[in-house]
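The values are calculated or read from the model by the stated rules, or taken from the named source; none is laboratory data. Computed from a predicted model, the values in this text were never measured in an experiment. As a convention, Cβ positions derive from the backbone with ideal geometry for all residues, glycine included, and neighbour counts pool all protein chains shown. The area values use the complete protein model at the heavy-atom level, side chains included, leaving out ligands, DNA and RNA. Shrake-Rupley method; radii C 1.70, N 1.55, O 1.52, S 1.80 Å.
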Amino acid sequence: MRQRAHGGNLTWAAALAGCPPSAILDFSASISPLGPPNSAIAAITSQLGNIQHYPDPDYSELRQALGHFHQLPPEWILPGNGSAELLTLSGKEFSQLAATTLITPAFGDYYRSLAAYDAKVLECPIDLKGGGGEGGTGRGGDREDKEKFLLHSSTPRFLHSPPDPLLHSSPPSRSGLLLNNPHNPTGKLFSVEEILPYLEQFALVVVDEAFMDFLPPDEEQSLIPLIRKYPNLVVLRSLTKFYSLPGLRLGYAIAHPERLSKWQLWRDPWPVNTLAAAAAVAALGDQEFQSATWEWLPPARNQLFQGLAKLPGLQPLHSAANFLLVESQQSVCQLQEQLLKEYQIYIRDCLSFKELGDRYFRVAVRSKSDNQRLLTALKALVKQF
């Protein structure tokens, strides 16, 4: 059985580890360890009797709840069968343009959605090393300097100076831009000010904010408040990561109603099931769960970052999300296999990110006890290389 591009493949991991899937400690999928919320589980239970009926084709209650949450009329919101379905619809839009600029390394599903309709892709890489700055990038530098450097200098070159091929072969006015914020897999958070100029330049800008809700409202850099001003803007959101509901498959798009009406005509009916819609309505109103998540993440993420930074041969990047990208001086495939076979711990290799290959891995932030279990296992293994 081969490993798939996505994380969270517990069947594959358990087969390699020789244990049941329930025994795997999963750091490969960036899902909150605090959920699902009890409110969502209660809502699912209350709707079990309704699975004998079709869902509301307009998802009126769900769209009203999302509209209230984001202070938007419900016609500006389109629920979907996870962000994957909405990315596919975005891909169809992008295929009608001259080209689409993709910020790389990029989530593999972006390539799938663009390839589905033969959209032309122009890749624009993030400079992981920053191209110079405080602390340098040399292996012999001070660890504290390296951490400081990574924190302040991981801004993509693209957001300051578009590459010549983009300007010469496909003017932005006839092109699209697809990026996520915070960026996956680096965890970099782009400010609204960094992205804003491109809303004026590109014909279509799709911003995947799947991890934005992990930031409290006063720290968010969401483009949702700009959605009414820019008809060329689409914001994608996911309810599966923050609320730990990936099995329900639920996301939504926020965009101009005319665009969403067009998307509605392109897709199959009833994309969101009754249980997922009920769970979403309950979760959106669960302010206690939201506050608990915002309180949990920063110290747990810092614990994991500091622990990884102390291990020889590993260099984590600072992140605004609930995951960390880590550079490794040894083969990540070997490390991943040993962690599974010896400790039943599953980390996400980055082979699907062609710019990263076998020298990077990504880990979700989990509870402090789970984080410590990973750090203890890594400490034992890195000494063997």
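The set of residues from the stretch 68-94 being in a loop (DSSP other than H, G, I, E, B), in contact with a Lys or Arg (Cβ under 9 Å, 6 or more places away or on another chain) and open to solvent by 40 Å² or more (accessible area, probe 1.4 Å) comprises just one member, N81.
Listed conditions (1) open to solvent by 60 Å² or more (accessible area, probe 1.4 Å); (2) in contact with a Ser or Thr (Cβ under 8 Å, 6 or more places away or on another chain); (3) aliphatic (A, V, I, L, M) are all met by L265, apart from (2).
Against the conditions (1) modelled with pLDDT under 90; (2) on the phi < 0 side of the Ramachandran plot; (3) open to solvent by 20 Å² or more (accessible area, probe 1.4 Å), G130 satisfies every one except (2). Within the option set L150, L122, L87, L114, being modelled with pLDDT under 95, in contact with a helix residue (DSSP H, G or I) (Cβ under 9 Å, 6 or more places away or on another chain) and closer than 25 Å to L356 by Cα holds for one residue only, L122. Checking each residue in the stretch 220-238 for being in contact (Cβ under 8 Å) with a residue 60 or more places away in the chain and open to solvent by 40 Å² or more (accessible area, probe 1.4 Å) picks out only R228.
Figure legend. Inter-residue proximity from the stretch 296-320: first residues touching a residue at least 60 places away in the same chain (Cβ under 8 Å) and open to solvent by 60 Å² or more (accessible area, probe 1.4 Å), second residues β-branched (V, I, T) and part of a helix (DSSP H, G or I), beta-carbon distance below 7 Å, spacing 6+ or different chains. Indicated pairs: P312/V382.
Filtering the stretch 333-385 to residues that are part of a loop (DSSP other than H, G, I, E, B), touching a Phe, Trp or Tyr at 6+ places or on another chain (Cβ under 8 Å) and open to solvent by 40 Å² or more (accessible area, probe 1.4 Å) leaves only R366. Restrict the check to the stretch 61-75 and report whether at least one residue is of a type in the set (S, T, N, Q) and over 27 Å from W263 (Cβ atoms). Within the stretch 61-75, not a single residue is of a type in the set (S, T, N, Q) and over 27 Å from W263 (Cβ atoms).
Of a type in the set (S, T, Y), touching an Asp or Glu at 6+ places or on another chain (Cβ under 6 Å), assigned to a helix (DSSP H, G or I) and open to solvent by less than 60 Å² (accessible area, probe 1.4 Å): is that true of S39 in this structure? Spelling it out, S39 is indeed of a type in the set (S, T, Y), touching an Asp or Glu at 6+ places or on another chain (Cβ under 6 Å), assigned to a helix (DSSP H, G or I) and open to solvent by less than 60 Å² (accessible area, probe 1.4 Å). Only one entry in I41, I51, I31 is in contact with a strand residue (DSSP E or B) (Cβ under 7 Å, 6 or more places away or on another chain) and on the phi < 0 side of the Ramachandran plot, namely I31.
For K241, the requirement of being in contact with a Phe, Trp or Tyr (Cβ under 7 Å, 6 or more places away or on another chain), within 30 Å of L335 (Cα to Cα) and open to solvent by 30 Å² or more (accessible area, probe 1.4 Å) is met. Test of understanding: among P231, P216, which residue is closer than 30 Å to S175 by Cα and outside any helix (DSSP H, G or I)? Residue meeting the stated conditions: P231.
For the stretch 260-275, the set of residues classified as in contact with a strand residue (DSSP E or B) (Cβ under 7 Å, 6 or more places away or on another chain) and closer than 11 Å to E85 by Cα consists of W263, P271, V272, listed by residue number.
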